[in-house]
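First up is the structure itself, then whatever we jot down about it.
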Amino acid sequence: MWARILGARILGTRILGAGIMALGIGTAQAGAEEVTLYAAGSLKAALGEVAQRFSEAHGTAVTTQFGPSGLMRERIEAGEPAQVFASANMRHPALLEAAGLGGPVTLFARNKLCALAGPGLAVTGDTLLDVMLREEVKLGTSTPKADPSGDYAFALFEKTGQAEALKAKSLQLTGGPESAKAPAGRNTYAWVVDSGQADLFLTYCTNAVLAQKEVPGLQIVQIPEALSVGADYGLIVLDDTAPDAAALAEYILSEPGQAVLGEFGFETVTAR
């Protein structure tokens, strides 16, 4: 069923939307059970909203778990009962598909890296590399392998010609199994920079926007095109025997779901 819907998606999101509405009506009439969604931490605000709207439209409750994509994948591999997985890269869901745990994997959103800087740091896109290399500047990233954001940051380092120096000085402050947690109610990245753990932190632009909303003095620095790293987000249905799991995935890909992702700063898969 999921594979058929994905194949039809190339004909246009309007076709998908009509199929989703039909599925949603049947689901609501049947009194469907909960759907369990595991997703990247960078999707918490956006997919939290998508899940709420899906529940309202289809009469199906959605249980959500958010965290670093690599760690979420490991939890699924260990047997946790996720039905849909939305990752901040394509690799982690592809590994689950290769293991026979679900599929197919489809692209559902894009993101990119920005630099989040403290209010007192003099930095622009043009000076970003020089500032990152300064010995006294604390450069933060997420944790590679555990969190795709860290992998993307290290990919950016590779583009600079100074990769080893940047990797050696970078502080992997978030996204790992042992990473310190932000206080309750705090945005992780706002907290990391505001508390002085990093002067400059490489994270998704969508995360940076949320951090700046919490701490308006923080600066968002756009990465120069030559160093820019894009992030492709992958979606997989892990339990294709549960019709509501496919319906949720379809809703994420539908015009209403994509509109919500766009509202939170993601590039949607329907954007041209």
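The values are calculated or read from the model by the stated rules, or taken from the named source; none is laboratory data. Nothing here was measured: the structure is a model prediction, and the numbers come from that model. Note that we place each Cβ from the backbone using ideal geometry, even for glycine, and neighbour counts take in every protein chain shown. Surface accessibility is based on the protein's heavy atoms, side chains included, excluding ligands, DNA and RNA. Shrake-Rupley method; radii C 1.70, N 1.55, O 1.52, S 1.80 Å.
Quick notes
- When we screen 164, 135 for residues that are within 28 Å of residue 90 (Cα to Cα) and out of contact with any strand residue (DSSP E or B) (no Cβ under 9 Å at 6 or more places or on another chain), the only hit is 164.
- Residues that are open to solvent by less than 20 Å² (accessible area, probe 1.4 Å), touching a residue at least 24 places away in the same chain (Cβ under 8 Å) and over 30 Å from residue 250 (Cα atoms) are absent from segment 95-109 altogether.
- Here the condition is being open to solvent by 30 Å² or more (accessible area, probe 1.4 Å), in contact with a Lys or Arg (Cβ under 9 Å, 6 or more places away or on another chain) and over 23 Å from residue 180 (Cα atoms); of 226, 259, it holds for 226 alone.
- Looking across segment 170-221, the residues that are charged (D, E, K, R) and open to solvent by 50 Å² or more (accessible area, probe 1.4 Å) come down to 178, 181, 186, 194, 213, 214.
- Residue within segment 141-157 that is acidic (Asp, Glu) and open to solvent by less than 60 Å² (accessible area, probe 1.4 Å) present: yes
- Restricting segment 110-140 to residues that are surrounded by 17 or more Cβ atoms within 10 Å (Cβ to Cβ) and of a type in the set (Gly, Ala, Ser) leaves a set whose member that is nearest to residue 249 (Cα to Cα) is 115.
Conditions (1) among the hydrophobic types (A, V, I, L, M, F, W, C); (2) in a strand (DSSP E or B); (3) free of Cβ contacts under 8 Å to residues at least 24 places away in the same chain, marked per residue:
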residue	(1), (2), (3)
119	no, no, no
123	yes, no, no
135	no, no, no
144	no, no, no
157	yes, no, yes
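Yes/no matrix, rows are residues, columns are (1) free of Cβ contacts under 8 Å to residues at least 12 places away in the same chain; (2) of a type in the set (S, T, N, Q); (3) over 21 Å from residue 110 (Cβ atoms):
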| position | (1), (2), (3) |
| --- | --- |
| 131 | no, no, yes |
| 148 | no, no, no |
| 175 | no, no, no |
| 215 | no, no, yes |
| 225 | yes, no, no |
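- With respect to the stated conditions, residue 234 is under 15 Å from the mean Cα position of the chain (by Cα), crowded, with 17+ Cβ neighbours inside 10 Å and closer than 30 Å to residue 128 by Cα.
- Among residues of segment 159-169 being free of Cβ contacts under 8 Å to residues at least 60 places away in the same chain and not in a loop (DSSP other than H, G, I, E, B), the one that is surrounded by the most Cβ atoms within 10 Å (Cβ to Cβ) is 166.
- Taking (1) over 17 Å from residue 205 (Cα atoms); (2) surrounded by fewer than 24 Cβ atoms within 10 Å (Cβ to Cβ); (3) hydroxyl-bearing (Ser, Thr, Tyr) in turn, residue 60 satisfies each apart from (2).
- Scanning segment 57-75 for residues that are over 20 Å from residue 179 (Cβ atoms), at pLDDT 95 or above and not hydroxyl-bearing (Ser, Thr, Tyr) turns up 61, 62.
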